[in-house]
4 protein chains.
Amino acid sequence: MLGRTSWAIPEGYIPGWSHGPEPEMESHETACLLNAGDEEAKVEITVYFDDREPAGPYELTVPPRRTKHVRFNELRDPEPIPRDADYASVIRSSVPIVVQHTRLDSRQAENAVLSTIAYPGWDGRE
Amino acid sequence: MLGRTSWAIPEGYIPGWSHGPEPEMESHETACLLNAGDEEAKVEITVYFDDREPAGPYELTVPPRRTKHVRFNELRDPEPIPRDADYASVIRSSVPIVVQHTRLDSRQAENAVLSTIAYPGWDGRE
Amino acid sequence: MLGRTSWAIPEGYIPGWSHGPEPEMESHETACLLNAGDEEAKVEITVYFDDREPAGPYELTVPPRRTKHVRFNELRDPEPIPRDADYASVIRSSVPIVVQHTRLDSRQAENAVLSTIAYPGWDGRE
Amino acid sequence: MLGRTSWAIPEGYIPGWSHGPEPEMESHETACLLNAGDEEAKVEITVYFDDREPAGPYELTVPPRRTKHVRFNELRDPEPIPRDADYASVIRSSVPIVVQHTRLDSRQAENAVLSTIAYPGWDGRE
């Protein structure tokens with residue numbers, strides 16, 4: 001059982017504009033989810049802000065033995081995430097998954113990218 | 001209780017100049033704090049240097065269910081952090097939080113960004 | 001015994017084109033493996049996708065006291081990894097190793113790089 | 001006691017050339033060490049390659065309550081680290097420290113940066 005059932009990404013920011021051909025070069029913030037197990041993962045994402053109550057949960061599933069790279073700027077239900085605003089996220093899953101955070105910032109002529117494994121919460125199982 | 005009460009960021013460096021429209025494109029170093037719990041977090045940041053005793057603590061709070069993205073170049077009390085100098089930081093909180101470190105470097109025409117989850121200290125609770 | 005025997009990298013993406021002199025500036029995704037121990041590491045990489053069953057295992061060895069920086073775009077057996085497609089990977093080793101993930105994206109005129117220590121699975125030994 | 005006494009950085013690469021004013025814009029690979037404790041840290045760095053036995057140890061100290069940002073391209077004793085070659089490193093300390101890895105790549109006109117907290121080895125103390 002590789003992974004954990006809760007993850008946190010304190011950094012969140014969707015740039016307000018992009019530069020270059022879309023969709024590859026569109027500015028985006030991504031949570032990469034890996035479900036290496038044999039059961040479907042039911043995932044809930046909660047989004048935190050600095051000036052209001054959290055949004056969500058945003059619900060999705062990751063089939064067994066699959067990865068899903070979720071773009072925050074494509075989340076719509078229950079509400080889109082505002083551009084040019086600070087946010088953070090917590091990701092909870094029904095089965096252990098692994099989460100990595102990546103951002104492509106194409107506001108200027110050349111891309112900038114960042115990435116980090118998200119913070120794995122403790123769920124008593126490791 | 002997602003997170004830890006002590007965190008370390010050994011990398012710290014505020015570039016001395018920027019390129020592009022401010023404040024979005026101003027060079028900055030950020031500690032992104034997420035308080036996903038239901039109690040206010042009282043946070044103290046201590047800043048370490050290579051040639052003098054530490055500065056701080058810088059005090060701030062993060063309300064319950066909120067994120068705060070703290071720019072080191074905006075810290076003023078008890079003293080501003082010097083530009084173009086190496087530093088490191090330790091972040092302690094009254095309740096578990098999660099910390100991520102990000103830097104935007106806009107000294108040249110195009111941005112460069114980096115990010116990593118900070119190092120979570122052990123507080124006997126996990 | 002420094003390291004773990006299972007690692008995960010949820011982010012995977014090999015850009016479809018490059019800019020600049022090859023091979024240094026060719027876009028690539030790398031898993032950097034460090035075997036700091038005194039026994040050869042037999043390593044198996046499994047690659048996960050969003051729309052099909054996993055590929056692999058890709059097999060390789062890292063001699064004792066050596067590092068090996070594996071470019072995903074050079075993996076050929078049992079099959080090459082597609083360009084411009086999301087993937088993720090799990091790395092298992094016969095002895096403890098340490099894994100770091102790095103990407104050089106040279107699709108535009110200037111490079112962008114990202115890196116993170118991979119997620120260390122629990123193997124009951126730490 | 002914040003930190004660990006052994007750390008690993010599997011990614012290492014010093015670009016062979018730079019672009020921009022030195023020393024700020026010189027390409028470099030850095031291990032940022034934070035000693036937040038009250039005892040001097042005696043540190044040994046061992047460097048691993050893909051085709052020869054390890055180099056080192058490189059010895060240095062970090063005073064109590066200080067940070068030291070070590071550039072691998074400035075290590076000279078017992079031998080300099082080759083340019084344009086893959087390497088990895090293990091950092092051991094007499095007291096707990098925290099280590100972060102950063103690279104500035106200025107081979108092309110604009111900078112690229114990456115950073116990650118290094119992998120913390122287990123030393124029975126956490």
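The values are calculated or read from the model by the stated rules, or taken from the named source; none is laboratory data. In this text, all values refer to a predicted model and were calculated from it rather than measured experimentally. Here the Cβ positions follow ideal geometry from the backbone for every residue, glycine too, while neighbour counts run over all protein chains shown.
Which of the residues that make up region D:55-80 are part of a strand (DSSP E or B), touching a residue at least 24 places away in the same chain (Cβ under 8 Å) and under 19 Å from D:Leu34 (Cβ atoms)?
Residues satisfying the conditions are D:Val62, D:Arg66, D:Thr67, D:Lys68, D:His69, D:Val70, D:Arg71.
Taking into account only those residues within region D:13-32 that are closer than 20 Å to C:Ala118 by Cα and in a strand (DSSP E or B), which is modelled with the lowest pLDDT?
Residue satisfying both the conditions and the ranking: D:Glu29.
Return the residues of region C:93-107 that are more than 9 Å from chain D (Cβ to nearest Cβ) and at pLDDT 95 or above; say none if nothing qualifies.
Matches in region C:93-107: C:Ser93, C:Ser94, C:Val95, C:Pro96.
Which members of region D:110-120 meet the condition of being at pLDDT below 90 and touching a Lys or Arg at 6+ places or on another chain (Cβ under 6 Å)?
Hit for region D:110-120 is D:Leu114, nothing else.
So, of the residues in region C:38-78 that are touching a Leu at 6+ places or on another chain (Cβ under 7 Å) and not charged (D, E, K, R), which turns out to be nearest to C:Ser89 (Cα to Cα)?
Out of the qualifying residues, it is C:Tyr48.
Let me confirm something: among B:Pro54, B:Pro10, B:Pro64, which residue is at pLDDT 95 or above and exposed (fewer than 15 other Cβ atoms within 10 Å of the Cβ)? I'd like the intermediate steps shown before the answer.
Values: B:Pro54 fails: exposed (fewer than 15 other Cβ atoms within 10 Å of the Cβ); B:Pro10 fails: exposed (fewer than 15 other Cβ atoms within 10 Å of the Cβ).
After applying the criteria, what remains is B:Pro64.
Condition first: more than 10 Å from chain D (Cβ to nearest Cβ), closer than 26 Å to D:Gly3 by Cα, in a loop (DSSP other than H, G, I, E, B) and modelled with pLDDT of 90 or more. Can you find one or more residues in region B:81-91 that meet it?
yes
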